[in-house]
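Following: one structure in structure tokens, then a few remarks.
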Amino acid sequence: MNKHIPLIIISVLLTYPTQAQVDSSYLQIEQITDELENSLEQWDGEAALSEEFVEELYEESPSLINLNDLSYKTAVRKLHFTDYQYYQLQLYIEEHGALVSIYELAAIDGFSDTDVKRLSELVVAQPARQRQNIFRNFFRKSSCNLLVRHGQILERQAGYDTSRANHYPGSPGHDCFRFSFNSQDKVILKVSGEKDAGEQFFRGKQRTGFDFYAGSLCIQDIGVLQRIVLGDFRPNFGQGLAMGSSLLSGRGGSIESARRFSTGFRAVAPTNEGDFLRGAAVTLGNSRLSGSLFAARRFGSRDNVYGADFSCQRALFRIGMRAVAFSTSDTARASPGDRIAGFFLPTGFNVAADYHLIAKRHLLFGEAAVDSKGKVAILQAAKLNLSPTLKLLMLFRHYSRDFSAPLGKGFGATNRNSGETGLYCAADYIAGRNCELSLYADYYRLTAPSYRTDAPVAGLECGLSLQYRMGRDSQLLCKYTWRSRPQNGGEKSHLHTIVNRQRHKVRLQWSGALHPCLKLKSEIDWIFQHEDDTRKHYQGLLLFQDAAIDIAHIGLAVHARIAYFDTDRYDERLYAYENDLYYAFTVGSYYYKGIRGYLMLRYKYKWVSLWLRLARTHYIDREKIGSGLNQIDAPHKTEIKAQILLSI
């Protein structure tokens with residue numbers, strides 16, 4: 001790795017601190033994407049990127065949030081309130097009336113000057129919205145958005161060579177659209193369509209145009225009707241053991257990231273053929289009592305799903321109970337391994353109950369679930385606010401070896417909540433006015449075979465993260481993680497042997513601004529892996545420089561990156577978030593040796609927004625990319641995307 005020393009020195013020099021202004025929303029997105037990168041690394045790419053993550057990132061991040069009309073979900077998930085802070089805020093408003101200024105937060109128990117400073121650019125104190133006649137203002141207070149996107153790889157891929165016996169029937173372009181209508185956040189209609197690269201369009205087998213259509217109609221917040229959804233939706237209740245849809249593993253991020261939140265049914269119109277339900281769902285009740293019912297079919301399968309949920313919310317506690325039943329007639333799709341492990345059943349059900357309880361400044365929460373075979377899954381956690389500067393989380397989970405929850409996705413070391421027992425501990429410590437320290441450790445035992453591991457094993461992962469604000473306009477992040485986990489070895493043998501693999505990863509990141517219109521981010525990532533029973537070791541390095549220019553008064557924004565990467569193998573790949581088009585999300589995977597860069601332009605004029613993104617990866621150590629129909633007989637890959645958004 002000595003050959004990389006000059007590049008490292010140059011990258012460090014680029015991180016010299018400067019003075020400007022930090023965009024708090026930009027930093028919030030960086031925090032979320034860091035958690036996503038952790039999840040993809042921990043699951044070794046086992047999970048695909050869920051579009052629900054994209055939906056929450058763009059649709060549930062208003063520029064200013066009203067403290068006097070603040071829901072529990074928004075307070076905890078978007079503003080990172082503790083349950084105690086939210087309880088004290090509601091108690092203060094009940095006793096003293098609506099807040100006149102956000103600086104009144106400093107007088108509320110549980111809020112520090114640091115909290116007020118952090119929230120100053122995210123919230124506002126205004127009178128709560130009055131109930132309005134939805135039908136009288138149905139069209140007058142409504143908005144419409146139409147998004148159209150085209151993407152294409154410019155190099156010729158083997159699958160588009162028509163002289164081959166086996167080739168793609170359609171064009172190489174990826175096209176999609178998404179239309180949404182929103183009336184006062186009460187009535188929301190979404191429709192989308194997508195054509196994958198290689199699919200036909202309005203001809204051949206796709207005479208109806210797009211090969212995939214989706215849509216939903218959502219009516220919410222009208223009297224006792226909290227929400228009714230017709231069409232496509234995703235359910236998310238409790239801690240996700242029976243019904244959950246979060247991609248984030250929760251490990252390695254902030255203390256709050258380990259906890260799931262019951263968001264209920266989320267109406268969607270995805271532009272990819274992911275995992276969602278298509279049917280009908282309804283939630284009735286008020287802020288204290290609510291009940292939900294749904295009946296649907298999982299998209300892309302013959303799985304019929306039916307379920308119900310009941311929850312009771314009080315100031316200091318919440319309890320919820322749910323049941324979901326599923327059946328399928330598509331028995332041929334189950335692999336022999338899933339049948340043997342008990343992950344596939346033609347019929348089955350899950351029953352679960354969850355709770356959270358505020359005890360002084362501390363929080364207890366958890367969930368227990370059981371399936372039709374009597375196998376259980378238990379998650380219990382305690383979040384302790386030991387002082388204004390120190391928070392501690394302890395989370396224990398036990399998932400029986402044959403536990404099966406087709407709709408579940410909870411906290412864990414793997415993407416499948418089955419055959420796992422572990423204890424996760426994390427701490428957040430404010431070491432000074434400008435310095436924050438985060439620690440975590442996770443010891444777990446997998447009692448069943450999992451991805452790339454054919455036998456029960458035990459693993460340990462630890463991490464340390466130091467965030468230092470070098471001024472109000474720049475910050476430095478230093479992060480180190482270590483993981484020890486046995487995995488399959490003996491690649492040259494017809495039988496896998498289990499060997500312990502240790503991984504060290506270091507990240508050094510600086511972000512700041514030279515000017516209110518110009519933001520920079522420099523990052524160095526280094527990974528080192530070795531096996532305990534051999535002397536072999538493998539490394540990976542990623543260096544990149546980002547620049548973002550936003551000239552608001554003319555509606556122009558530019559995002560650019562230049563990156564150098566060098567990894568010994570695919571197993572040492574490194575992930576990094578990349579700026580992408582609106583309603584698109586990219587976490588780049590960097591492996592082998594090469595250079596990657598992208599340039600994205602955005603222009604907005606009144607109700608029209610235009611995006612253009614060009615990304616190119618050039619490999620230094622190979623002459624071909626990909627395999628099969630996706631093979632490119634060149635050492636580079638270039639992708640272009642264009643998008644238009646009409647907002648009325």
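Bear in mind that the values in this text are calculations on the coordinates, not laboratory data. None of these values were measured; they are calculated from a predicted model. Because the Cβ atoms are built from the backbone with ideal geometry, glycine has one as well, and the counts that use them run over all protein chains shown.
Could you order peptides 271-280, 625-634 by the average number of other Cβ atoms within 10 Å of their residues, highest first?
Per-residue Cβ counts within 10 Å, averaged per peptide and sorted highest first, yield 271-280, 625-634.
With the dipole of the range 526-578 worked out from charges on the C-beta (+1 for Lys and Arg, -1 for Asp and Glu) around the Cα centre, which of 529, 549, 576 lies farthest toward the positive end?
549
Which ³J(HN,Hα) values, rounded to whole Hz and listed in residue order, are derived for the range 595-605 from phi using the Karplus coefficients 6.51, -1.76 and 1.60 in 6.51 cos²θ - 1.76 cosθ + 1.60 with θ = phi - 60°, glycine and proline given as x?
So the J values, rounded to whole Hz, are 10, 9, x, 8, 9, 10, 10, 9, 10, 10, 9.
Could you sort 590-598, 476-484 so that the peptide with the highest average Cβ count within 10 Å comes first and the rest follow in order?
My ranking of the peptides, most packed first, is 590-598, 476-484.
Run through the range 503-584 and list the trypsin sites (Lys or Arg not before Pro) located in a DSSP loop whose Cβ has at most 12 other Cβ atoms within 10 Å.
535, 536, 569
Rounded to the nearest 0.05, what FRET efficiency is calculated for residue 100 and residue 506 with R0 set to 45 Å and r the Cβ-Cβ distance?
Working: r = 47 Å, r/R0 = 1.05.
Efficiency computed from Cβ-Cβ geometry: 0.45.
For residue 462 and residue 121 in the same chain, what is the full-extension length gain: residue separation times 0.36 nm, less their Cα-Cα distance, in nm?
119.4 nm
Enumerate the calculated ³J(HN,Hα) couplings along the range 221-235 in order (Karplus 6.51 cos²θ - 1.76 cosθ + 1.60, θ = phi - 60°), each rounded to whole Hz, writing x wherever the residue is Gly or Pro.
Using θ = phi - 60°, the values come out as 6, 10, x, 7, 7, 6, 6, 10, 10, 10, x, 9, 7, 10, x Hz.
Can you give the FRET efficiency to the nearest 0.05 for residue 394 and residue 162, using r as the Cβ-Cβ distance and R₀ = 41 Å?
E between residue 394 and residue 162, to the nearest 0.05, is 0.10.
Using a simple spin-label model with points 7 Å from Cα along the Cα→Cβ vector, what separation in nm is obtained for residue 360 and residue 530?
Placing both labels 7 Å along Cα→Cβ, they lie 4.6 nm apart.
Take the Cα of residue 208, step 7 Å along the line toward its Cβ, and report every residue of the range 170-197 whose backbone nitrogen sits under 19 Å from that point.
170, 175-179, 190-197
Separation between the residue 631 and residue 439 pseudo-spin-labels, each 7 Å from Cα along Cα→Cβ, expressed in nm?
For the pair residue 631/residue 439, the computed spacing is 5.2 nm.
Extension gain residue 113-residue 593, at 0.36 nm per residue separation less the Cα-Cα distance, in nm?
This chain segment gains 168.1 nm when fully extended.
Taking 7 Å along the Cα-to-C-beta vector as the label spot, tell me the residue 351-residue 386 distance in nanometres, rounded to one decimal.
In this crude label model, residue 351 to residue 386 measures out at 4.0 nm.
Are there trypsin sites (Lys or Arg not before Pro) in the range 87-180 that DSSP marks as loop and that have at most 14 other Cβ atoms within 10 Å, and which are they? Don't skip to the answer; put the middle values down first.
Working: sites: 117, 118, 129, 131, 136, 140, 141, 149, 156, 164, 178; in loops: 129, 131, 136, 140, 141, 156, 164.
Passing sites in the range 87-180 are 129, 131, 136, 140, 141, 156, 164.
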